[in-house]
Structures are given as C-alpha cells and as structure tokens.
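One structure is given below, encoded as structure tokens.
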Amino acid sequence: MAIAKRGLVLGATALAVAAVTVTGAGIQLSQGQAFFEESPKELVDEVWQLIERHYVDATFNQVDWEAVRQEYLQRSYSDREDAYTAIREMLDRLEDPYTRFMDPQEFRNMQIDTSGELTGVGIQISQDEETEEIVVVSPIEDTPAFEAGVRSQDVITAIDGHSTAGMDLNEAVSLIRGPVGSEVTLTIRRENRSIDYTIVRDRIEIHPVRYAYKEGPEGPIGYIRLTQFSANAAEEMEEAIAALEERDVTGYILDLRSNPGGLLFSSIDIARMWLEDGTIVSTVNRQGIIDEEAANGKALTTRPLVVLVDGGSASASEILAGALQDNERAVLVGTRTFGKGLVQSVRSLDDGSGVAVTVAKYLTPDGRDINKAGITPDVMVELSESEREALSENREAIGTEADPQYIQALDILAQEIRAARETHELDVGAVPSR
C-alpha cells in the first residue's frame with residue numbers, strides 16, 4: 001500500500017485496535033534519525049512550526065504560541081526521549097486531545113493499521129474535552145470488544161485496574177493494545193453502573209461493508225451496513241450496490257449506526273455513489289474554505305434511500321449522512337450522531353515519529369458545523385435499554401424485524417418507494433446511461 005507523506009483524517013479519535021482513520025508517512029530512518037539523535041531540540045522546533053503553520057485556530061486556543069516556543073527552545077535535551085516528553089507537554093498546552101505526537105513505534109503501529117491488518121480489542125476511543133474522560137466512540141463489529149458487549153458512549157474508568165483519571169489518550173491506547181492472545185480488563189461506566197470486561201486481544205480483519213437482499217412492503221430492498229470508512233470501504237460499497245442493482249431492488253437502507261468514521265476520501269467516494277449532483281462537504285481552515293467536494297455525476301443509483309444513524313455514527317459517517325440529508329437524497333432515521341467535525345493532517349518527522357495536527361473543520365452542504373452538535377435525523381427513533389441490550393447480545397438481530405430502528409426505516413422506505421412510483425421516478429432508479 002502506497003503511503004503518502006501526509007494525509008487528511010477525520011474524527012479526532014484514537015483507536016485501541018488501530019488507526020485506520022489515517023494515512024501516515026513511510027518510515028525511512030537514515031540520516032534524519034541520526035540528526036535528531038544529535039539535535040533533539042530541532043525535533044521540538046519542527047513540531048512547533050507545524051502547529052504554527054497549520055493549526056486550525058489562529059489563536060492556538062488562546063495560547064501564546066510564540067512564548068511556548070521560546071520556553072521549550074531554552075531547555076536542554078539529552079536525548080530523543082526528552083524531546084518526545086517536551087513535545088507532548090507542548091501540545092498539551094493547546095488543550096486539543098486530537099493534536100497529538102506519536103513516537104516511532106506508535107507511528108509505525110498506525111501505518112501498519114492502515115493496511116487493514118489490525119490487532120487489539122476493536123474499539124475507537126476519544127477523550128472528552130471538558131471532563132477528559134476516555135469515551136468509547138464505537139466498538140468495531142466482529143471484534144473482541146464488540147463481542148464482549150462494549151458500547152458506544154461507554155466511559156472507560158480503568159484499564160487493568162489503572163484509573164484513567166488524568167490519563168492521556170495515547171497512554172490509554174497503549175495500555176489497551178497488546179499482543180494477540182493477551183488479555184486486558186476494561187472497567188466501564190455505563191449510566192450508573194460499573195462493568196468489568198476482560199477481553200482477549202486478537203488480530204482483526206475488517207470488511208467494512210455487508211449487504212443483503214431483503215423483502216420489503218413494496219418489493220425487494222437492499223440493506224447495506226457500513227461499519228467504518230477504511231481504505232477498502234468504497235470498493236466494497238461499489239460492489240454491494242452493483243450486486244443489488246442487478247437484482248432490481250426497489251430501494252435501499254444504508255446502516256451507519258456505530259460507524260466511528262475514517263478516511264475523508266472514502267466518505268467522499270461513497271457519497272458520490274449515491275449523489276448525482278450537489279456539494280458533499282466543505283473543509284474550512286483558519287483562512288476560510290479551503291476545499292469543497294461535490295458529486296461528479298456518476299451515481300450508481302437514484303433509488304429511494306433511508307439512512308440509519310445513532311450516537312456512534314461519527315466523523316466520516318456524519319459527512320455522508322449530512323450530505324445525503326442536505327441534498328434531500330435520503331431520509332435519516334435513528335438518533336443524533338456523535339458530533340465530530342474536525343480534520344487532522346498526519347505528518348511524518350525525520351526520525352520516524354509523527355504528529356497529527358487538527359488543520360480544519362468540515363461543514364455539511366448547508367453550512368452546518370456539526371462538531372459537538374452532531375446531525376439530527378429526520379425521524380427520531382430511540383431504543384430502550386432492553387432493546388439496546390438485546391441487539392448488543394445478538395448482533396444477528398441488527399437489520400431484522402427484531403431491530404426497532406430498522407423496522408421504522410423499512411416503513412419509511414416503503415413510503416418513499418410509493419411516492420417515487422406516483423411520480424414515475426422509480427422506473428429510472430438506475431441512473432440513465434450517458
């Protein structure tokens with residue numbers, strides 16, 4: 001897999017299983033590494049300058065960034081480890097848990113993870129900006145954490161008995177990760193309960209797209225579940241749509257529930273499969289709009305579409321959902337999404353380490369900034385605690401009659417199909433040839 005010098009990532013989260021949301025830089029450790037071993041202060045200054053040039057907030061979150069530089073360049077550093085510690089301290093001044101430094105091993109792990117060969121427990125975690133608690137964005141389906149019953153919005157209060165109070169996000173990730181076959185115990189706070197999950201780490205092969213041909217009230221429909229926006233997600237989505245179009249489905253349910261996000265380009269590519277025209281997303285840095293992505297007239301279908309979302313739908317999921325909602329291409333059903341609207345650029349440093357810098361925020365086509373606010377569905381369908389428990393314990397029930405949100409989506413899709421028939425749109429569900 002070709003690795004770019006730097007890459008845009010969505011959702012400012014860390015993965016205890018892997019950092020599939022980023023593209024990093026190749027690890028070529030030669031003269032640059034030797035240079036930084038001799039002059040670790042130069043590494044500190046390089047990171048400072050990256051923030052100075054690219055950070056999304058020109059005020060650096062009200063931090064005197066020039067004074068920070070003077071403070072850290074006045075120090076003496078005996079080795080690279082000293083420099084790494086200083087860099088982490090320096091970045092902490094921004095109070096942005098998503099702008100973070102990775103030592104060479106952490107960065108190497110990130111790069112390995114982008115290849116899709118993952119190890120760990122299978123959760124994406126984030127640090128609450130106000131409480132600094134470690135929060136589960138979403139467990140990834142068919143992973144040890146998912147099988148154990150870990151859920152979106154769970155708060156990790158301890159890892160192997162070590163309290164996470166005051167713990168850095170990177171430290172939490174390091175403690176959760178480990179060799180295949182080893183165990184880690186996560187202490188979870190869920191509402192007013194404390195639950196211990198002892199989970200066996202594993203190697204995880206992720207296929208982000210699953211689809212099924214199902215019967216619906218108005219004829220056969222296509223059900224597609226997208227679990228994350230990894231590098232292979234767009235290819236698998238294209239295959240799913242093509243297969244279902246061949247079977248002449250009348251409409252689609254796209255399930256983005258508990259999808260924690262991923263690669264920016266993946267969300268854009270997938271949006272173009274559903275949208276014939278219209279804006280998809282705008283990314284905005286401290287100078288204003290820097291990029292706007294739009295549909296390219298190559299949609300794979302225009303058949304009626306309903307999208308399922310919930311509190312675990314984050315980042316790239318919110319880009320796709322927001323684009324489909326604002327362009328009136330789909331009806332959104334479920335609960336409010338997570339609310340991650342930040343973009344990171346991951347950059348390599350010459351000693352093999354790397355830094356993720358928050359460089360932009362994204363807006364939906366109608367200009368909505370969903371960071372922290374999330375996206376509100378067109379039709380709100382809450383699950384009761386018992387319903388969530390049942391779906392968590394039996395994942396095969398997701399997307400079936402035992403899934404209340406799916407049932408509601410199916411009913412709404414039937415309404416959309418009937419409306420399309422009345423306006424003679426359904427017969428041209430497949431985009432006309434050009």
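Scanning the range 48-93 for residues that are farther than 21 Å from THR358 by Cα and not in a helix (DSSP H, G or I) returns GLN74, ARG75, SER76, TYR77, SER78, ASP79.
Being assigned to a strand (DSSP E or B), of a type in the set (Gly, Ala, Ser) and closer than 26 Å to ARG388 by Cβ is the filter here; which residues of the range 160-197 pass it?
The answer is SER194, and nothing else.
Just to be sure, is GLY178 surrounded by 14 or more Cβ atoms within 10 Å (Cβ to Cβ), at pLDDT below 95 and not assigned by TED's automatic domain parsing to the domain that holds ARG421? When the stated conditions are applied, GLY178 passes them.
For the range 225-240, taking the residues that are in contact with a strand residue (DSSP E or B) (Cβ under 8 Å, 6 or more places away or on another chain) and surrounded by fewer than 24 Cβ atoms within 10 Å (Cβ to Cβ), the one that is nearest to GLY334 (Cα to Cα) is identified as ARG225. Of the residues examined, ILE221 is not one that is part of a strand (DSSP E or B), in contact (Cβ under 8 Å) with a residue 24 or more places away in the chain and touching a Pro at 6+ places or on another chain (Cβ under 6 Å).
If you scan the range 283-330, which residues turn out to be among the charged types (D, E, K, R) and within 14 Å of the chain's Cα centre (by Cα)?
Taking the range 283-330 first, the residues among the charged types (D, E, K, R) are 286, 291-293, 298, 303, 310, 318, 326, 328-329.
Hits for the range 283-330 are ASP310, GLU318.
Restricting attention to the range 308-345, and to residues there that are among the small types (Gly, Ala, Ser) and outside any loop (DSSP other than H, G, I, E, B), which single residue is farthest from LEU254 (Cα to Cα)? So the residue we want is SER345. Every test in (1) buried (at least 21 other Cβ atoms within 10 Å of the Cβ); (2) part of a loop (DSSP other than H, G, I, E, B) is passed by ASP248 save one, and that test is (1).
The values are calculated or read from the model by the stated rules, or taken from the named source; none is laboratory data. Worth saying up front: this structure is predicted, and the values here are computed from it rather than measured. Because the Cβ atoms are built from the backbone with ideal geometry, glycine has one as well, and the counts that use them run over all protein chains shown.
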